[in-house]
Amino acid sequence: MPSFTIRRAEARDSKESAECIDEAYSIYAERIDDLPAVSEGIAEAIEQHRVWVAEIEDQIAGVLILVVNDTFLLLENIAVRPGNTGTGLGRALITRAEQDCRDLGLDEIRLSTHADMPENVAIYSRLGWHETGRSGNKVHMSKSI
């Protein structure tokens, strides 16, 4: 299992972060017609939100985008390059999100995932998240911290 480090993203990470996100979501592109451009706006996200990158041997292998709201933290995006799934990297990024939530004095973290990604819903459920509703193609989930 490769070792990785997690650090705050910097402006210089925009291009490689976008590539990581695009690679991570490429596995869904064929089966999901309405998949949004998930890497769009990464430079602005790094500037305006809490963005973390996981690196393996100086390559970005995972990205976490968090948006702070008044009463909760939004996990806007989490992506792990396909070659690094199963390494614990995704779980470590979720742990980072939960720590940020605590550090910010918030007690709830939320996310939305695509209804055609049931494996993601299952993963989040195993990690203590609860489905709070559905709208269109989105599954909304929450976790108390």
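The values are calculated or read from the model by the stated rules, or taken from the named source; none is laboratory data. Remember, predicted model here, so these are calculated numbers, not experimental data. Every residue, glycine as well, gets a Cβ built from its backbone with ideal geometry; the counts of neighbours run over all protein chains shown.
Side notes on the structure shown:
- In region 74-87, the residue that is farthest from Ser17 (Cα to Cα) out of those that are modelled with pLDDT of 90 or more and not in a helix (DSSP H, G or I) is Leu74.
- Checking each residue in region 118-145 for being of a type in the set (A, V, I, L, M, F, W, C), part of a loop (DSSP other than H, G, I, E, B) and surrounded by fewer than 19 Cβ atoms within 10 Å (Cβ to Cβ) picks out Leu127, Ile145.
- Hey, Leu106 buried (at least 19 other Cβ atoms within 10 Å of the Cβ) and not β-branched (Val, Ile, Thr) or not: no
- Restricting the first member to region 1-30 and to residues that are without any contact (Cβ under 8 Å) to a residue 60 or more places away in the chain and surrounded by 12 or more Cβ atoms within 10 Å (Cβ to Cβ), and the second to residues that are hydroxyl-bearing (Ser, Thr, Tyr) and not in a loop (DSSP other than H, G, I, E, B), the beta-carbon pairs closer than 7 Å and six or more apart or on different chains are Ala9/Ser17.
- Selection count where residues are in a strand (DSSP E or B) and either of a type in the set (S, T, N, Q) or over 17 Å from the mean Cα position of the chain (by Cα) (or both), scope region 1-42: 1
- Residue in region 60-71 that is more than 14 Å from the chain's Cα centre (by Cα), surrounded by fewer than 16 Cβ atoms within 10 Å (Cβ to Cβ) and under 21 Å from Arg31 (Cβ atoms) present: no
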